[in-house]
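First the structure, in the form of structure tokens, and then the observations on it.
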Amino acid sequence: MAEATPGQPVRRPLPPGLDLLWGRRERGRRGPRPGLSADAIVDAAVRVADAEGLEAVSMARVAAELGFTTMSLYRYVASKEELLQLMFNASALGAEELVIEGDGWRPRLRAWATIQRDMLDRHPWVTQMPMAAPPVAPNSLHFVERGLETMDGTGLPDADKIRIIGLLSSYTLSEARMANDAARAAQEARAAAETSAQAGDDSTPGPPTTWEGLLRELVDERTYPRLYRLAWFAGPLSAPSEREEFLDGVDLILDGVQALIDRAG
């Protein structure tokens with residue numbers, strides 16, 4: 001049992017994965033394999049996920065990528081679930097040295113959200129990972145710390161600041177996931193169309209690929225008058241680009257933060 005240092009709380013054991021990330025796991029009795037390490041395993045898993053998606057990641061697939069047996073990996077990473085935690089932490093690599101510049105809290109916080117979205121676009125597999133609890137890996141906490149730092153001087157309580165960080169993160173993750181899912185669906189539709197064309201079957205039009213197109217197929221003016229107007233008379237429903245639409249949403253959230261600051265002040 002861990003003993004308390006005078007004036008310090010007792011260190012409690014961390015869940016598997018976090019104990020490795022925070023350097024609190026005891027070394028196993030078996031010696032390391034030359035050329036293999038936890039970092040090398042995580043790097044290989046990230047390469048597989050970037051190229052083929054999260055569903056392609058398995059202990060066997062990563063072992064093959066590295067040229068080792070699957071059992072060799074278990075000397076360093078206890079399970080696939082633990083590997084996913086390590087990959088999530090690796091996706092935020094560099095957060096400790098991150099410097100966010102800008103004149104005032106708003107451009108800095110907007111830049112923080114943009115950096116997070118850029119990371120998700122580089123590693124879209126992150127949007128497919130389970131998020132049962134707020135991430136507490138080292139790189140994740142460094143990134144949250146940088147986000148809280150952008151609001152220094154606003155006068156907001158720390159509790160409000162962390163809620164704002166959570167709201168922006170949830171929005172960014174949701175938008176990145178929808179964009180990633182849409183890209184995957186479009187890729188699958190193109191592949192199906194190519195297969196149909198090669199088979200010489202071009203008599204039946206393919207399904208709609210946009211929200212507007214689906215609305216036009218599904219809604220009638222009597223039952224859904226407002227959606228009907230949007231589908232047929234409002235013009236394109238999306239912003240000029242998905243990126244601009246995302247930033248418009250960030251700005252709406254920041255408008256709410258400004259209102260919160262005004263009330264607090």
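Odds and ends about this structure:
- All positions within segment 59-75 that are part of a helix (DSSP H, G or I) and of a type in the set (S, T, N, Q): Thr70, Ser72
- Flag if Val10 is modelled with pLDDT under 95 and over 16 Å from Ala137 (Cα atoms): yes
- Selection count, segment 91-118, where residues are in a helix (DSSP H, G or I), touching a helix residue (DSSP H, G or I) at 6+ places or on another chain (Cβ under 6 Å) and modelled with pLDDT under 95: 3
- So Ala78, is it over 11 Å from the mean Cα position of the chain (by Cα) and outside any loop (DSSP other than H, G, I, E, B): no
- Segment 112-154, subset of a type in the set (A, V, I, L, M) and free of Cβ contacts under 8 Å to residues at least 12 places away in the same chain, residue surrounded by the fewest Cβ atoms within 10 Å (Cβ to Cβ): Ala132
- Out of Asp43, Asp50, sole residue that is farther than 25 Å from Leu247 by Cα and in contact (Cβ under 8 Å) with a residue 24 or more places away in the chain: Asp43
- Test for Arg117: is it farther than 23 Å from Glu52 by Cα and of a type outside the set (Gly, Ala, Ser): no
- Taking the numbered list (1) under 21 Å from the mean Cα position of the chain (by Cα); (2) outside the structural domain of Phe143 (by TED's automatic domain parsing); (3) surrounded by fewer than 17 Cβ atoms within 10 Å (Cβ to Cβ) in turn, Ala60 passes all entries but (1).
- Leading residue by the ranking (nearest to the chain's Cα centre (by Cα)) among those in segment 135-153 that are part of a loop (DSSP other than H, G, I, E, B) and among the β-branched types (Val, Ile, Thr): Val136
The values are calculated or read from the model by the stated rules, or taken from the named source; none is laboratory data. A quick note: this is a predicted structure, and the numbers were derived from the prediction, not measured. Positions of Cβ are backbone-derived with ideal geometry, glycine not excepted, and every protein chain shown enters the neighbour counts.
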